Amino acid sequence: MEEGFRYADELGPSRIVHVYEPSVGLKGILVIDNVAAGPAIGGLRMAPDVSTEECVRLARAMTLKNAAAGLPHGGGKSVIFGDPHMPVADKARLIRAFARALGDVSDYIFGPDMGTDEVCMAWVRDEIGRAVGLPRELGGIPLDEIGATGFGLAHVVDVAAPFAGLSLPGARVAIQGFGAVGKHAACFLAKRGAVLVAASDSHGTVYDPQGLDLGTLIPLKRAGRSVIDSPSGQKLDREAILDVECDIWIPAARPDVVREDNAHRLKTRLLVEGANIPCTPGAEQRLHARGVLCVPDFIANAGGVICAAMEYHGASEQAALQAVEHKIRENTREVLRRAQAEGILPRQAALDLATERVRRAMSYRRHSLTSGAPGHL
Ligand code: NAD
């Protein structure tokens with residue numbers, strides 16, 4: 001099979017664009033997976049170590065996430081190779097050049113992701129007029145500032161907890177990755193009585209079985225420091241977050257952090273996927289076999305994109321958060337109910353739900369896979 005079609009299936013990807021502009025040191029990739037439901041919304045990631053394959057998988061996750069959330073948008077993802085902490089003028093130059101290069105790809109709407117934020121989206125909007133997750137001054141709902149995804153995760157945990165035999169007050173939470181998603185999830189969960197016992201970032205893990213102080217950790221991160229600079233708690237290496245005794249484990253950092261070779265280290269009852277594709281399929285199966293309930297990424301972390309889509313359609317911040325709460329709670333309940341009733345993994349139940357919706361949207365297109373009524377698909 002041709003290199004470019006290696007990852008293709010009946011849903012997509014519909015387009016893979018490689019952008020290379022040596023004059024500004026720009027190397028980037030855009031993958032548009034499926035746009036049957038509407039123009040793709042998906043984040044722009046900046047990281048030194050990404051690949052086309054990762055981008056394809058992330059774009060598919062967006063198709064499924066947007067479909068599962070019932071949004072009139074398809075899925076896509078873009079990446080720029082680079083250190084997200086580079087000087088801001090260099091970052092602006094790269095992101096602006098990338099946006100200009102993709103200016104005519106009108107069925108892709110940029111959003112923020114790892115290594116990018118609302119300021120980056122303002123640069124994109126300035127160049128091509130097509131971005132969500134904008135600063136307030138530009139009519140945006142700043143997703144990361146208000147913690148839309150972390151807000152959604154707390155609702156997922158609230159709905160999923162009884163399915164895992166847990167109650168939230170007093171439940172012990174460990175969070176891998178203390179950035180936009182992780183720290184807001186910690187705060188929203190603390191409001192529901194859960195106790196953060198461990199948090200990690202790229203520098204290491206801080207652990208305290210009695211509970212960590214969010215009032216210390218959040219300002220540290222705001223000041224650009226690490227959770228391991230906290231004056232209290234035990235300091236452990238980055239991987240040690242996997243071994244922490246807890247009730248709820250939330251990955252909110254990188255892909256493939258839980259794999260077949262390390263899934264046995266997790267000591268939790270509920271795993272809620274804040275990051276995109278944090279667990280390999282084999283790892284999810286192993287956890288399921290051990291009775292650990294895993295809520296898949298494209299159901300659990302849809303808060304940001306629901307908020308972004310609401311912004312794109314002109315909704316207020318309050319209406320956007322209400323939509324996050326409503327859609328995420330409904331979807332989590334439906335997926336876990338189906339999984340339980342059919343004796344299947346939550347990911348399979350979520351895939352069935354989302355794929356049904358994508359196929360229905362595809363049936364309305366001129367070149368649909370089948371020409372029958374949606375019910376026949
Ligand atoms: P971020 O850049 O704000 O934070 C990432 C955090 O992870 C940082 O604290 C960083 O130090 C830490 N980290 C990096 N590598 C690590 C490692 N190996 N071990 C432990 N920690 C590590 O990013 P974010 O916006 O919080 O996104 C985190 C994840 O959530 C990504 O997978 C992203 O795709 C996904 N996600 C984000 C949103 C959103 O609204 N921001 C929405 C959906 C999904």
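Bear in mind these aren't lab numbers, they're just calculated from the coordinates by the rules spelled out. Keep in mind that what you see is a predicted model, and the values were worked out from it rather than measured. Every residue, glycine as well, gets a Cβ built from its backbone with ideal geometry; the counts of neighbours run over all protein chains shown.
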Over what distance in Å are the Cα centres of region 165-218 and region 266-334 separated? 17 Å
Find, among the chymotrypsin sites (Phe, Trp or Tyr not before Pro) in region 268-377, those assigned to loop by DSSP (not H, G, I, E, B) with at most 10 other beta-carbon atoms within 10 angstrom. Y364
Of all DSSP beta bridges having both residues in the chain, the percent classed as antiparallel (nearest 5) is 45 percent
Under the Debye formula (equal points on every Cα, no solvent term), log10 I(q)/I(0) of the chain at q = 0.14 Å⁻¹: -1.22
Past 24 Å, Cα to Cα: identify those pairs from K235/K267; K183/K235; K27/K221; K77/K327, in the order given. K27/K221
Put in order of increasing Cβ neighbours within 10 Å, starting from the fewest, K91, K27, K183 give K27, K91, K183
What is region 174-305 by shape, rounded, prolate or oblate, if you read a ≥ b ≥ c off the alpha carbon gyration tensor as root eigenvalues and call it rounded for a/c under 1.5, prolate for a/b larger than b/c, and oblate otherwise? prolate
Applying the gyration tensor rule to the Cα atoms of region 104-180 (axes a ≥ b ≥ c; rounded if a/c under 1.5, else prolate if a/b exceeds b/c, else oblate), the class is prolate
Of P251, P84, P231, which has the largest mean-square fluctuation in a 10 Å C-alpha GNM of the chain? P231
Rounded to the nearest 5, what % of DSSP beta bridges with both residues in region 5-142 are antiparallel? 55 percent
Which of the aspartates and glutamates could be linked to K191 by a straight reach, that is with a Cα gap under 12 Å, when you skip same-chain ones fewer than 8 residues away? D158
Sort H155, H85, H288, H184 so the one with the fewest other Cβ atoms within 10 Å of its own Cβ comes first. H85, H288, H155, H184
Averaged over all viewing directions, the convex hull of the alpha carbons in region 1-77 casts a projected area in nm² of 5.5 nm²
Using just the alpha carbons, could you tell me how many Å³ per residue the convex hull of region 5-142 encloses? 102 Å³
Karplus ³J(HN,Hα) for region 98-104 (6.51 cos²θ - 1.76 cosθ + 1.60, θ = phi - 60°; Hz, whole; x = Gly/Pro) runs 5, 4, 4, 4, 9, x, 8
